[in-house]
1. Could you pull out the residue among 204, 176 that is farther than 12 Å from residue 114 by Cβ and more than 20 Å from the chain's Cα centre (by Cα)?
2. Quickly run through segment 72-93 and pick out the residues that are under 27 Å from residue 218 (Cα atoms) and in contact (Cβ under 8 Å) with a residue 40 or more places away in the chain.
3. For segment 137-150, check the following and say yes or no: at least one residue is assigned to a strand (DSSP E or B), at pLDDT 95 or above and over 17 Å from the mean Cα position of the chain (by Cα).
4. Only one of these is without any contact (Cβ under 8 Å) to a residue 40 or more places away in the chain and under 21 Å from the mean Cα position of the chain (by Cα): 125, 65, 100. Name it.
5. Among the residues of segment 102-120, are any touching a helix residue (DSSP H, G or I) at 6+ places or on another chain (Cβ under 9 Å) and exposed (fewer than 15 other Cβ atoms within 10 Å of the Cβ)?
6. Find the helices (runs of 4 or more DSSP H) located wholly in segment 197-246 whose residues include 1 or more that are surrounded by 23 or more Cβ atoms within 10 Å (Cβ to Cβ) and touching a residue at least 60 places away in the same chain (Cβ under 8 Å), and list them.
């Protein structure tokens, strides 16, 4: 069976850690490099609930999108949420490999998976985000319904600019800055996870349809991609997709 460090090296080859943005923290962030891995749990966030799921499964490794350690820590105490998570991981013998902005940036990552979930083609992979071209124009109402189903996101906020939807600028998570690139890219619509108040105003004045799909929903779409990547490389290792956080797969693979 592969070791934790061997799995980290494989993921570094497929989704280079060097692609991460300067502020980020990715890679093997916690655990036991030489531990053999018989079972891995793939999640978006390493919450206490996710750690409990890994414990129940007997997993030695969690692979996540969001880092279990994001900002520098001067102390690890059990009376803080972050400290409690890290101590619980170590006590349970579970390692954590986290793939954040490098998974956002790599072709085949978050935004490619998001484009595939929308039923479109990735016409252009951007530094942050992608341009999604739908097979045919859709009304905003129809696109919202289709997107809500695809992302399991039923409470999306939106602005309808009165345009049909065909060219969509997508960026999973907190990616609303793509609003300002969308007109240059020839897009009529922007879909991202979070949009701030002033960005709603700017996007509307740029004449764009705007959809806030939710940070979780627009990024969790990549967890099946990660799970499939690991299953292909390590068929004898049991790779489990978290049942607690939900997932949607549209068959996209690296």
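1. Selected residue: 204, the only one of 204, 176 that is farther than 12 Å from residue 114 by Cβ and more than 20 Å from the chain's Cα centre (by Cα).
2. Matches in segment 72-93: 86, 89.
3. yes
4. Within the list 125, 65, 100, the selection yields 125.
5. no
6. So the answer is 215-220, 223-233.
Yes/no per residue for (1) surrounded by 19 or more Cβ atoms within 10 Å (Cβ to Cβ); (2) within 26 Å of residue 127 (Cβ to Cβ); (3) at pLDDT 95 or above:
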{"position": "24", "(1), (2), (3)": "no, yes, yes"}
{"position": "29", "(1), (2), (3)": "yes, yes, yes"}
{"position": "40", "(1), (2), (3)": "yes, no, yes"}
{"position": "74", "(1), (2), (3)": "no, no, no"}
{"position": "88", "(1), (2), (3)": "no, no, yes"}
{"position": "92", "(1), (2), (3)": "no, no, yes"}
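The values are calculated or read from the model by the stated rules, or taken from the named source; none is laboratory data. Predicted model only: the values in this text are computed from it and were never measured. Don't worry about glycine lacking a Cβ; one is built from the backbone with ideal geometry, like all the others, and counts go over all protein chains shown.
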